[in-house]
Amino acid sequence: MKANIHLSNKLARFFFCLVMGFLYPILSHAQLPTVAVDYRPYSTQCMVKVLKNMGWSFNTESAENSFSAPKECVADSLTKLQPELQINMNPSSNDERALRFNLEMAYMSSGTNCAFQTRLAEAALTATKKLKRNKLYIFTPFWTKDDIRLGTLKKEWQQTACYENSVRCFVPTKEKKSKAIEALYGSVFSSDCGVGLELAEYATIKELFGAKAFDTHFTNPEIFVGDIVGLPTSSSFTRGAKADRILPANGLSYAKSGYRNFIGVSGYVGSVFNSTFLDDQSNQNENFMIVNISKAASDQFLKNGGLSYYEEYMHKAWELSQKISKEELRVIENLAFGDRLEKATDITVQMNLPPESGIGVGPTTIEFLTMLQDPFLNETQIYVHPFGPRNIAWHIARLAQLNPRTPYMLRFYPDVMHRGVLNRWVKSQLDDCQSGSEK
């Protein structure tokens, strides 16, 4: 379904400044923020060229200035999205201001947001798959040992000042910051999953921009990696003091604006009870980034009312898991890992139990299995370093075995992808065009 916006030259001239403020959220059609860039320094030619590069098509035989864009971001590829991104330009109009107004509205629409989202989704999968393939990565053990944690990354990363003189904060050593990211794909190093999330976000941004643009449009201090307590006062692009973020709260804005907008969102699966209830301290929080999701998962999330619903839901699932054997939980974990959970039944679980266990699958196990078949839990792929993309249900079943004495909850972090990265992505292309440095 598309929305058409028609802007007459007279209206554009009269209401230019006023409309920019009041129609900004209306014309975007999405519940998420749209592009916020000062377009005055850029030529009309560059504004057109960048929109074309994003996937917009132009009709220069139109009798009016208008554009059409999808109301929701549901296209899973740029090829499917492009037919919905249409801009009409009146060639007989000599009103440059009206023309630029039309272009700016297109930039601010849900169409540009969705064009960005299709590329972000590709970048997130590319980055996390490359990180996952690094067999030299070591999880956690040496993160507290200064002389070991960097491993062979010492040529690409260096220590930097951070919170209370902590030594566990780093920035790239060279101007080619893309090389520092690429080094993560095949070097010996270690970290916790919190730093793993930071690396996944930077790697996604690098894959989104490409090496040349990433090196040009980001500074070394912005690619800041380190202790979570030091991030708020750092120059980190994603978590620092000047990070351009939105607060997703219950997460409903993503579902309302199109299920593809979930991709790139970060958060954590955290233990509800304190550390005295943890048998495995290193698995008290799973920091994640969403890398894929189905429409059914988003629809179920919206229907249920967002994250607040899943807090109680996961608490009930934990109560059930306490009455289930670890052998059964392991089978369910394996089914979730193999994306076989959706059609699994009591017979499936029984057939995958070791015959010598003598365990008979009971109603509690089936109820727990059914709960994990919830589309949002089963069809939302999250990247947790170093496991790679897995569905949320897999993490629930896994954590129920490692820390059976505490339930877990889902939370979203403040989101930089759909604001800060979006704005920088658009501005970088306009800057490159204006300076003539575009390939």
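The values are calculated or read from the model by the stated rules, or taken from the named source; none is laboratory data. Note that the structure is predicted; figures quoted are calculated from it, not measured. Quick reminder, even Gly has a Cβ in these numbers, built from the backbone with ideal geometry, and neighbours come from all protein chains shown.
Observations on the model:
- The residue list THR370, THR406 contains one member that is at pLDDT 95 or above and assigned to a loop (DSSP other than H, G, I, E, B), which is THR406.
- Extreme residue, nearest to ILE205 (Cα to Cα), among residues of the range 291-332 that are basic (Lys, Arg) and out of contact with any Phe, Trp or Tyr (no Cβ under 7 Å at 6 or more places or on another chain): LYS303
- Candidate set: the range 351-366, residues that are in a helix (DSSP H, G or I) and surrounded by 15 or more Cβ atoms within 10 Å (Cβ to Cβ); chosen: the one modelled with the lowest pLDDT: ASN352
- Cβ-Cβ under 6 Å pairs, at least 6 apart or on other chains, the range 97-117 side under 13 Å from ALA36 (Cβ atoms), far side in a loop (DSSP other than H, G, I, E, B) and small (Gly, Ala, Ser): ASN113/ALA30
- Here SER253 fulfils each of the conditions (1) among the polar types (S, T, N, Q); (2) more than 18 Å from ARG119 (Cβ to Cβ); (3) in a loop (DSSP other than H, G, I, E, B) apart from (3).
- None of THR380, THR370 is without any contact (Cβ under 8 Å) to a residue 24 or more places away in the chain and under 28 Å from LYS295 (Cβ atoms) except THR370.
- Test result for HIS385, at pLDDT below 95, crowded, with 19+ Cβ neighbours inside 10 Å, assigned by TED's automatic domain parsing to the domain that holds ASN304 and not β-branched (Val, Ile, Thr): yes
- Test: residue in the range 270-288 that is in contact with a helix residue (DSSP H, G or I) (Cβ under 6 Å, 6 or more places away or on another chain) and among the acidic types (Asp, Glu): yes
- Among residues of the range 243-295, those that are hydroxyl-bearing (Ser, Thr, Tyr), farther than 18 Å from GLN381 by Cα and touching a residue at least 40 places away in the same chain (Cβ under 8 Å), counted: 4
- Helices (runs of 4 or more DSSP H) fully within the range 41-143 that include at least 3 residues being in the same structural domain as SER282 (by TED's automatic domain parsing), in contact with a Gly (Cβ under 9 Å, 6 or more places away or on another chain) and among the aromatic types (Phe, Trp, Tyr): none found.
- The range 111-130 - residue that is in contact with a strand residue (DSSP E or B) (Cβ under 8 Å, 6 or more places away or on another chain) and closer than 14 Å to GLN381 by Cβ and, of those, surrounded by the fewest Cβ atoms within 10 Å (Cβ to Cβ): LYS129
- Condition check for PRO221: out of contact with any helix residue (DSSP H, G or I) (no Cβ under 8 Å at 6 or more places or on another chain), more than 24 Å from LYS135 (Cα to Cα), surrounded by fewer than 21 Cβ atoms within 10 Å (Cβ to Cβ) and in contact (Cβ under 8 Å) with a residue 24 or more places away in the chain: yes
- Any hit, the range 228-249, residues being aromatic (Phe, Trp, Tyr), in the same structural domain as LEU372 (by TED's automatic domain parsing) and surrounded by 16 or more Cβ atoms within 10 Å (Cβ to Cβ): no
- Restricting the range 275-290 to residues that are within 24 Å of the chain's Cα centre (by Cα) and at pLDDT 90 or above, the residue that is surrounded by the most Cβ atoms within 10 Å (Cβ to Cβ) is PHE288.
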